[in-house]
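Right, one structure below, let's go through it.
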Amino acid sequence: MTVILAIDPGTTQSGWVLLDGSRILDAAIEDNAAVRARLRDWHDGARVGEVPFLGAVVVERIEPRYGLNVGWETIRTCEFVGALGEAAHPLPVALLRRSDILRHLGVAARGAADPGVRAALMDRWGGAASVRKGGPLHGITTHLWAALSVAVTWTDMSPAEREAARLR
């Protein structure tokens, strides 16, 4: 089993999801320092509970939007994405653009992107019942929806698409 660590980076906190392709193994929202420390602990191929191998680290890439000013929070988040790449070495690291994730999930409307992502992921895992206690998405909230969307997109990509997204 190859496990994907997908991260939705933030300025001070990030959401992460461990996915084995069809099952969410673990997920959390943590301070960025804790995420980096956790990643360093995992990258040597050591077991993560029952997880035998962390095969890739996939991070949502910050993408420029023309006409918008970039503030310090965005710059700090970009810096954190770079720090994640360093902390993950020697594991493969890939960056996925939010626009590609939205397109993959069939979410077109900019203003309704977050609710659209949530709805697409709930549909994939069984609808409204998937978020109820005992459902596969129970406990997935806020940043974790975005992290899960990264994991799902990566899992569905072809090997050539994955190679193109890899951080060099």
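The values are calculated or read from the model by the stated rules, or taken from the named source; none is laboratory data. Since the model is a prediction, treat every value here as computed from it, not as a measurement. Counting neighbours? That spans all protein chains shown, and the Cβs are built from the backbone with ideal geometry, glycine included. The protein model used for the area step is the full one, side chains on, heavy atoms only, and it has no ligands, DNA or RNA in it. Shrake-Rupley method; radii C 1.70, N 1.55, O 1.52, S 1.80 Å.
Which listed residue (Ala34, Ser149, Thr77) has the Cα farthest towards the positive end of the charge dipole for the chain, taking +1 on Lys and Arg C-beta and -1 on Asp and Glu C-beta about the Cα centre?
It is Ser149.
Would you mind telling me the share, in percent, of accessible area of the chain contributed by carbon and sulfur at probe 1.4 angstrom?
Values: 4610 of 9000 Å².
Whole-percent figure for carbon plus sulfur exposure: 51.
Accessible area per residue of the chain at 1.4 Å probe, in Å²? List each step's numbers first, then the result.
Numbers: 9000 Å² over 168 residues.
With all protein chains present, the chain gives 54 Å² per residue.
Report Rg/Rh for segment 70-116, rounded to two decimals, where Rg is the Cα radius of gyration and Rh the Kirkwood radius. Please list the in-between numbers first.
Values: Rg = 13.8 Å, Rh = 12.7 Å.
Rg/Rh for segment 70-116 comes to 1.09.
If you average the C-alpha positions of segment 8-25 and of segment 135-168 separately, how far apart do those two centres end up, in angstrom?
With segment 8-25 and segment 135-168 each reduced to a Cα centre, they are spaced 8 Å.
Enumerate the amide H contacts of Val59 below 5 Å, restricted to partners 5 or more residues apart or on another chain; note that Pro and chain-start residues carry no placed amide H.
HN-HN under 5 Å from Val59: Ile7, Ala94, Leu95, Leu96.
Can you give the accessible area of Val70 in Å² (nearest 10), computed on protein heavy atoms with a 1.4 Å probe?
Its heavy atoms expose roughly 100 Å² to the probe.
Have a look at the DSSP beta bridges in the chain and tell me what percent are antiparallel, nearest 5.
On the way: 14 of 24 bridges.
Bridges in the chain are about 60 percent antiparallel.
Near the amide H of Gln13, under 5 Å away, which other amide H atoms are found, from residues 5 or more places off or on another chain, if H is placed in the peptide plane?
So Gln13 has HN proximity to Asn32.
Report the equivalent ellipsoid semi-axes for segment 120-168 in whole Å, largest first, defined as the square roots of five times the eigenvalues of the gyration tensor built from alpha carbon atoms. Could you put the intermediate results ahead of the total?
Numbers: eigenvalues 140, 27, 9 Å².
They are 26, 12, 7 Å, listed largest first.
Regarding segment 60-168, what is the average projected area of its C-alpha convex hull, in nm²? Could the numbers behind the result be given before it?
Details: hull surface 32.9 nm².
That works out to 8.2 nm².
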